[in-house]
Amino acid sequence: IVGGTVSSVESHPWMAAIFWRSKSEKKVFRCGGSLISACWVLTAAHCFPDGSRSRARHFSVTLGKSALNESNPDTEQTFKVDKIFIHEGFDNSDGNYNNDIALLKLKPKRGRCAEESAAVKPVCLPPPAQTLHPGFPCQVSGFGKERHELWYNSQYLREAQVNVLADDVCRREDYYGNMITDNMICAASPNWSQDACKGDSGGPLVCAVTERFFLFGVVSWGDGCAEEFRPGVYTRVTNYNKWIAEKTGLSAITAG
Ligand code: 4AZ
């Protein structure tokens, strides 16, 4: 997150941190994600490049985490990953991020996955027809870089305030032109000071509709971070209600 503020997982209790276990058993932070029900985390497909996609057992998910390099046993819940579902339409061979969405099925412990607490709570999925008007205020959270030039992630969870951008603006030639598909939402801060950045991928873009947060976007891509005319681009979650229902077997997800 560039230009935002330090946050806590209690303000984003659906925030998931996805780790990859290296050959030397070291846990390497890979991506953000969003808890959508006790056993399911929604994230980005590009977090699982070819080769690692079938290796669910190399990944783990920690919920209730506010700091990347320290663990808090009072708030954190960690799960192995049972299965990774990458959207069938995701094809990044030509740097094209269309359908950048994936689901992780958590492996239950003693028959249970996430247990709700002040630090762990699933987010609501918006109904398929729910659209956001240009300018609608949302927030993005993550452990990603605080500046594009840095090589390290943020130690603490951060959040940024960004507004939804009109599709036709984001498709203008001085923005991203035809790189923006109907499966993407662009969001930026009015003075370009706040944005998601590398390491925030897979994490939540939430927007409050009627005093409740809904997951409208998954951090996907952008040209740099917090650059003029270069909004953050998010996977448009409302286009995937059916896909999510199919994979998870959850028909109406209204927790949160
Ligand atoms: C990335 O490289 C990335 N400014 C993610 C989000 C944004 C830029 C880059 C948005 O994963």
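The values are calculated or read from the model by the stated rules, or taken from the named source; none is laboratory data. Bear in mind the structure is a predicted one, so any value in this text is a computation, not a measurement. As a convention, Cβ positions derive from the backbone with ideal geometry for all residues, glycine included, and neighbour counts pool all protein chains shown. The area values use the complete protein model at the heavy-atom level, side chains included, leaving out ligands, DNA and RNA. Shrake-Rupley method; radii C 1.70, N 1.55, O 1.52, S 1.80 Å.
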The number of residues in segment 22-55 that are open to solvent by less than 10 Å² (accessible area, probe 1.4 Å) and either free of Cβ contacts under 8 Å to residues at least 24 places away in the same chain or of a type in the set (G, A, S) (or both) is 5
Residue in segment 125-135 that is over 20 Å from T235 (Cβ atoms), modelled with pLDDT of 95 or more and either touching a Phe, Trp or Tyr at 6+ places or on another chain (Cβ under 9 Å) or open to solvent by 10 Å² or more (accessible area, probe 1.4 Å) (or both) present: yes
Of all strands (runs of 3 or more DSSP E) fully inside segment 36-155, the set with 1 or more residues that are of a type in the set (V, I, T) is 40-43, 59-63, 77-86, 137-142
Restricting attention to segment 162-198, the residues that are open to solvent by 40 Å² or more (accessible area, probe 1.4 Å) and part of a strand (DSSP E or B) number exactly 1
Here the residues within segment 230-252 that are open to solvent by 10 Å² or more (accessible area, probe 1.4 Å) and either in contact with a strand residue (DSSP E or B) (Cβ under 6 Å, 6 or more places away or on another chain) or at pLDDT 95 or above (or both) are R230, R236, T238, N239, N241, K242, W243, A245, E246, K247, T248, L250
Here the residues within segment 204-235 that are within 15 Å of the ligand (Cβ to nearest atom) and under 13 Å from the mean Cα position of the chain (by Cα) are P204, L205, G217, V218, V219, S220, W221, G232, V233, Y234, T235
